[in-house]
Structures are given as structure tokens and as C-alpha cells.
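The values are calculated or read from the model by the stated rules, or taken from the named source; none is laboratory data. The structure displayed is predicted, hence computed values, not measured ones. Positions of Cβ are backbone-derived with ideal geometry, glycine not excepted, and every protein chain shown enters the neighbour counts.
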Amino acid sequence: MTGRVARLAKAAIIALLSCAVVAGAAGGWEFVRRPVGIVLLVVWFYWWLTTAWYRPLGLASKYSRRGVGMTLTLIPMYLIMLVVIPWEYRHYTGPIPRNGLLAWLGLALLVAGALLGAWAMRIQSGTYTMRLNVASDQKLIKTGPYAIVRHPGYLGNIIAVFGLSLALSSLVGVALTVVAVVGILIRIRREEQMLLAEFGDQYRAYMQRTRQLLPLIY
């Protein structure tokens, strides 16, 4: 229990610090006072809390060594989300309408993406890691969101980043969403090569009845 409490406290500290950075970059107390601002920070806290809690780094493996570049790209992406997008919101009024219905649509997408991502990570029970690897006793998960698409966690990330972009009227965020999609597709290709190597025909059969990211489409 002590280990779980310490882990939860660490995740909460990470989430709180990320909220503080976002709020500071977006305008401080003036941002927090806005309905869009306070709702975004609450959702943001949940998103980072669940990510820090459910997604460990994972052990190094022959697969993770191939994907080290992809893991490192997360650092600049997180910095853009934490600092650049909120700073853009504070200093620039671009073509995306601000603080209106589009912003609330963005918040709804951010909520949906955060919830989907948390569901996907939770059902993996600790095997949803940043590094590519397969534990010796790991089983192929085919229930919950995985019964519909093979990579619901990545889909949740895409939805959340795009939602964040709309909520904060960010062209940088829209561009980041496109970059994230490209990076995720590369990650998926490497991950599926790993899963085919580890699970063989079981994963091939799973691939035949599911889509990668979008139900019934792709």
C-alpha cells in the first residue's frame, strides 16, 4: 500500500506541476478565472495524473532500442503542449475562434481523449509502457476498447491533442496534431512488428477483425 501511495503522490505532483506550467504560460490567474481555463486545467490534471500513474517507462529490450528516437520525440512534444501552446493562447489571437463554442468542443474532445487513453492504459495493467517491450508473461489484450481498435491509447492521444488545440485556439497545436499522427503511425508499425513476432498467429487473427485506429475505417 505504501508503494502505491508513493506512486500516486508522484503522479499527482507531476500533474500539478504540469498544470502550473500551463496556467503560467497561458496568463496565470487571468487564465484560471476563465471558464475555459479552469475546465481545461481540471481535465489536464486528470490526463497527466492517469498517464503518470498507468504508463511506466518500461524495461529496455531489443524492440525499445529500435524505437529510442520515437521515445525521445515525446520530450519536445510535451514541451510544446506545456509551454508553447498556452503561450500562443496568451499572446496571439489567430484564425481559430477563442473562448466560444469551438473552445468547448475542444474541451469535450480533450475529455474524450483523456478518458479513452486512461481506459486503454488501465486495462493493460502496467504493460502499456513508453518503451517497446513484451513481458514474458504478458497476454494479448482484446477486450474493452481493444475489441474495436488495436491502439485505442494512441487514438486517445490524438483526440486529446487536437482538443487541446481547439480549446486554446492554437495553430501550433493543430500542426502538432499532424506531427503526432505521423509519429504515432510510425510507432504503430514498429509495435505491430513486435507483436507479430511475439504473438504470431494470435495477433494476425486479431488484426483481421480489428482496425488500427479508427473503427470500421482504418
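Restricting to helices (runs of 4 or more DSSP H) lying wholly in segment 126-218: which have 2 or more residues that are out of contact with any strand residue (DSSP E or B) (no Cβ under 8 Å at 6 or more places or on another chain) and more than 16 Å from Gly113 (Cα to Cα)?
On the way: elements: 152-167, 171-199, 201-208.
The qualifying helices (runs of 4 or more DSSP H) are 171-199, 201-208.
Could you list all residues from segment 1-60 that are in contact (Cβ under 8 Å) with a residue 24 or more places away in the chain, more than 18 Å from Glu88 (Cα to Cα) and of a type in the set (S, T, N, Q)?
Thr50, Thr51
Quick check on my filter: what residues within segment 179-203 are farther than 16 Å from Leu79 by Cα and out of contact with any helix residue (DSSP H, G or I) (no Cβ under 7 Å at 6 or more places or on another chain)?
Val182, Leu185, Arg189, Glu191, Glu192, Gln193, Ala197, Glu198, Phe199, Gly200, Asp201, Gln202
Matching residues to (1) buried (at least 20 other Cβ atoms within 10 Å of the Cβ); (2) among the small types (Gly, Ala, Ser); (3) in a helix (DSSP H, G or I); (4) modelled with pLDDT under 95:
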| site | (1), (2), (3), (4) |
| --- | --- |
| Pro56 | no, no, no, yes |
| Tyr63 | no, no, yes, yes |
| Thr71 | no, no, yes, yes |
| Ala103 | yes, yes, yes, yes |
| Leu110 | yes, no, yes, no |
| Met121 | yes, no, yes, yes |
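Does segment 170-218 hold any residues that are touching a residue at least 24 places away in the same chain (Cβ under 8 Å), hydroxyl-bearing (Ser, Thr, Tyr) and under 20 Å from Ala160 (Cα atoms), and which are they?
Ser170
Within the group Phe31, Phe45, which residue is in contact with a Gly (Cβ under 6 Å, 6 or more places away or on another chain), at pLDDT 90 or above and buried (at least 16 other Cβ atoms within 10 Å of the Cβ)? Quick ask: steps written out before the conclusion?
Working: Phe45 fails: in contact with a Gly (Cβ under 6 Å, 6 or more places away or on another chain).
None of the other options fit; the residue is Phe31.
Out of all the residues in segment 181-202, is one or more buried (at least 20 other Cβ atoms within 10 Å of the Cβ), closer than 26 Å to Val22 by Cα, small (Gly, Ala, Ser) and modelled with pLDDT under 95?
No: segment 181-202 contains no residue that is buried (at least 20 other Cβ atoms within 10 Å of the Cβ), closer than 26 Å to Val22 by Cα, small (Gly, Ala, Ser) and modelled with pLDDT under 95.
Would you point out which residue out of Arg98, Arg7, Arg90 is among the basic types (Lys, Arg), outside any helix (DSSP H, G or I) and surrounded by 13 or more Cβ atoms within 10 Å (Cβ to Cβ)? Working first, answer last.
Values: Arg7 fails: outside any helix (DSSP H, G or I); Arg90 fails: outside any helix (DSSP H, G or I).
It is Arg98.
Return the pair list, or none, for Cβ contacts closer than 8 Å from residues in segment 139-156 that are more than 17 Å from Ile184 (Cα to Cα) to residues that are surrounded by fewer than 19 Cβ atoms within 10 Å (Cβ to Cβ) and of a type in the set (D, E, K, R), at least 6 apart or on different chains.
Once the first residue is more than 17 Å from Ile184 (Cα to Cα) and sits in segment 139-156, its partners that are surrounded by fewer than 19 Cβ atoms within 10 Å (Cβ to Cβ) and of a type in the set (D, E, K, R) give Ile148/Arg211.
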